[in-house]
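The block underneath contains the structure these notes are about, expressed in structure tokens.
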Amino acid sequence: MNTWTNIKRISRTGFIGFLRNGFISLATVLIMATMLFVMGTLMTMNAALSSTLTQLQNKVDINVYFVQDAPEKDILALKDSISQLPEVASVEYISSDKALEQFKERHKNDQITLQSLEELDKNPLGASLAVRAKQTSQYEGIAKFLDKEDVVGGSKNAIIKNINYYQNKSAIDKLTQIISASRSFGLLSTIFLAVISILIVFTTIRLAIYTTKDEIGVMQLVGASDWYVQGPFIIEGALYGFAGGIVSLIALYPFALWLGAPSQALLGSFNVYTYYVSHIGLLFFVLVGAGSFLGAIASLAAVRRYLRYKVAKQV
Amino acid sequence: MIRFEKVTKFYNGGPAAVDNITLSIESGELVSIVGQSGAGKSTLLKMIFAEEQPSEGKVFFEDRDIATMNKKELNVMRRKIGAVFQDFRLLPKKTVYENIAFAMEAAGQSEENIVSDVPYVLDLVDLSEKMDNFPHELSGGEQQRIAIARAIVNQPDIVVADEPTGNLDPISAYEVVQILKKINDLGTTVILSTHNKEIIESLEERVITMDQGKITRDDKSGKYVL
């Protein structure tokens, strides 16, 4: 027997079944589309959460302030050794000149402050290092490292005036907690909703196939192999998922468009519409791919159930 | 061709539906099995294509014990048996043509064979013009003739018909039996279960009478006697 002929026949039978099932196909596709829409929404929400949290995290850093006459060579040496810590994402050196520039920029509308700055004959600001960790929970370790006496070779910590971690400790700890709680919540709700969606898809497809369970028995009695009976149903299930994926992808578009500007206003860095447009390939792959795959698997599971009745029931 | 050896079948601990039957059917025979409802006719026929398994004893198809066949061998065997049922069992979402083509596809027949054989068997049962109709658009007699066309399209060695006339009016019943007779004349073994007296008497072929799971008569050119 020719495998290619069989594949052709099975695909054609699956397609015809999908089209002839009419209302059942339509209902199944719509339910699949709803579930995949929820998945698409979850994906976008997770991306929004992740982007917002990263943005928050990037706002946190600790600053090491140096005494005014600290030699630049020592500061740069310290910068190098901090950079080598595995927890550190970046270290930025702000010289005292640059600090003055930034101070002026920040107070450009505040004439009194600027005038009083003019009164001083020399730059009152010291140099500093802005240290950014990969995770907010790692700041404590970095602060402890800086506290160690021999961190700056011979000149000891004499050049460090102040590390602002301790003033900000409670805020940083709180933020760390919020970030990790949000991440866990995002993950748990995703898993929860994904499991519910999968169960609904399985039940829906089983109901769609339930209506044809007597036919499965007849096909077996005519001498069709298990594979030949199951094949068209697997194709049909995959088609439900494929069509559902496309519908959900199209349905997400107006929502993305509508929520684009408000999301940016609320979250700052994240625009739902921009995300939708730039990740359309990924969304297509996940929704249509997951839909087709789930549909096929759910169909297979359902048909196998009815195949177990080796016997077509006498009516 | 088909042999039952001391076959007994129980359903869920009830009394024996088929009780210690030994029976042999040769190639080319037309055998009618008669008896009242519950006599065990259907159970006997179901054991031929392994829709039911015997509780005791053995059923042989071409000298092979059916119980020892694996799935693949069972499928091959079923393709050699054309089955016809009282309730037709057509696939409701397939057209007449597709119903018959399905049996050929399942048997792995080529597209050319399907295109030439399906119209041929439809012509044989005189339903060529209903090729593109769905089963629900046909009368009971027409559906049964389609079921027979499906049963014979793979040129089976044997056709098993379980009360094929049970749901039909006398004229349709007569037509169905005439088709079965024609199939038998062309060399195919036919096993037919029925309780239609006129049919049996008109056939003048072997008649096996069953009562309460046992064979009570087996006449070479039988009459319907209860």
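Could you put A:280, B:21 in order of accessible surface area, largest first, with the 1.4 Å probe and the full protein assembly present? It would help to have the intermediate numbers written out before the result.
Working: A:280 70, B:21 5 Å².
Listed by decreasing accessible area, they come as A:280, B:21.
Compute, for the protein assembly as shown, the length of the dipole vector about the Cα centre, with Cβ point charges of +1 (Lys, Arg) and -1 (Asp, Glu) only. Units Debye, rounded to 20.
On the way: 54 positive and 59 negative charges, 178 e Å.
Charge dipole of the protein assembly as shown: 860 debye, to the nearest 20.
Accessible area per residue, 1.4 Å probe, Å², for region A:61-165: what's the number? Mind showing how you got there, number by number?
Working: 6250 Å² over 105 residues.
With all protein chains present, region A:61-165 gives 60 Å² per residue.
A plus B alone minus the pair: what accessible area, both sides summed, probe 1.4 Å, in Å² to 100? All intermediate terms of the calculation are to be shown ahead of the outcome.
On the way: alone 18590 and 10970 Å², together 27010 Å².
Buried: approximately 2500 Å² between B and A.
So which GluC sites (Glu not before Pro) in region B:41-70 pass both tests, a DSSP loop state and at most 13 other Cβ atoms within 10 Å of the Cβ?
Details: sites: B:51, B:52, B:56, B:62; in loops: B:51, B:52, B:62.
For GluC sites (Glu not before Pro) across region B:41-70 that sit outside H, G, I, E and B with at most 13 neighbouring Cβ atoms in 10 Å, the list reads B:62.
Hey, if you put +1 on the Cβ of every Lys and Arg and -1 on every Asp and Glu Cβ in chain A, which of A:43, A:283, A:30 ends up farthest toward the positive end of that dipole?
A:30
Based on the Kirkwood radius over alpha-carbon pairs, what is the Stokes-Einstein translational diffusion coefficient of the protein assembly as shown at 10 °C with 1.306 mPa s viscosity, in µm²/s?
Numbers: Rh = 30.1 Å.
Reported coefficient: 53 µm²/s.
Positive end of the dipole of the protein assembly as shown, charges at C-beta (+1 Lys, Arg; -1 Asp, Glu), about the Cα centre: which of B:152, A:67, B:30 has its Cα farthest in that direction?
Final value for the positive-end residue is A:67.
Mind listing, in residue-number order, the residues in region B:123-153 that have at least 10 Å² less accessible area with every protein chain present than in their own chain alone (1.4 Å probe)?
Residues shielded by partner chains are B:134, B:150.
Which value, in Å², gives the accessible area per residue of region A:243-305 when a 1.4 Å probe is used on the protein heavy atoms?
Heavy-atom accessible area per residue stands at 51 Å².
DSSP loop (so not H, G, I, E, B), at most 15 other Cβ within 10 Å: list which trypsin sites (Lys or Arg not before Pro) in region A:158-261 pass both filters. The partial results should precede the final answer.
Working: sites: A:161, A:169, A:174, A:183, A:206, A:213; in loops: none.
Those that pass, being in a loop and sparsely packed, number zero.
Calculate the dipole size of chain A relative to its Cα centre from +1 charges on Lys and Arg beta carbons and -1 charges on Asp and Glu beta carbons; express the result in debye to the nearest 20. It would help to have the intermediate numbers written out before the result.
On the way: 28 positive and 23 negative charges, 429 e Å.
The calculation lands at about 2060 debye.
Along the positive direction of the dipole of region A:143-269 (beta-carbon charges: Lys, Arg +1; Asp, Glu -1; about the Cα centre), which of A:219, A:234, A:165 reaches farthest?
Final value for the positive-end residue is A:165.
Ignoring any ligand, DNA or RNA, what whole percent of the accessible area of region A:61-165 comes from carbon and sulfur when the probe is 1.4 angstrom? Walk me through the numbers on the way to the answer.
Working: 2960 of 6250 Å².
With neighbouring chains kept in place, the figure for region A:61-165 is 47 percent.
Can you work out D for chain A in µm² s⁻¹ from Stokes-Einstein, where Rh is the Kirkwood radius over C-alpha pairs, the temperature is 4 °C and the viscosity is 1.567 mPa s? Can you show the working numbers first?
Details: Rh = 25.0 Å.
For the chosen part, D equals 52 µm²/s.
Using unit Cβ charges (K, R positive; D, E negative) and no other charged atoms, how large, in debye to the nearest 20, is the dipole of region A:61-165 about its Cα centre?
Here region A:61-165 has a charge dipole of around 240 debye.
Tell me, what is the per residue accessible area of chain B in Å², probe radius 1.4 Å?
Values: 9740 Å² over 226 residues.
Using a 1.4 Å probe on heavy atoms only, each residue of chain B averages 43 Å².
If you filter region B:1-63 for chymotrypsin sites (Phe, Trp or Tyr not before Pro), then keep DSSP loop positions with at most 15 other Cβ within 10 Å, what is left?
Answer by residue number: B:11.
Only helices at least 24 Å long along their axis, Cα-based, and averaging -0.5 or more on Kyte-Doolittle count here, so list those DSSP H runs from chain A.
On the way: long enough: A:3-20 (25 Å, -0.14); A:22-59 (55 Å, 1.08); A:165-210 (66 Å, 0.97); A:226-267 (57 Å, 1.04); A:280-307 (39 Å, 1.72).
The answer, listed by residue number, is A:3-20, A:22-59, A:165-210, A:226-267, A:280-307.
The values are calculated or read from the model by the stated rules, or taken from the named source; none is laboratory data. Here the structure is a predicted model, which means the values were calculated and not measured. Every residue, glycine among them, receives a Cβ derived from its backbone with ideal geometry; neighbour counts consider all protein chains shown. We work out accessible area using only protein heavy atoms, side chains counted, and drop any ligands, DNA or RNA first. Shrake-Rupley method; radii C 1.70, N 1.55, O 1.52, S 1.80 Å.
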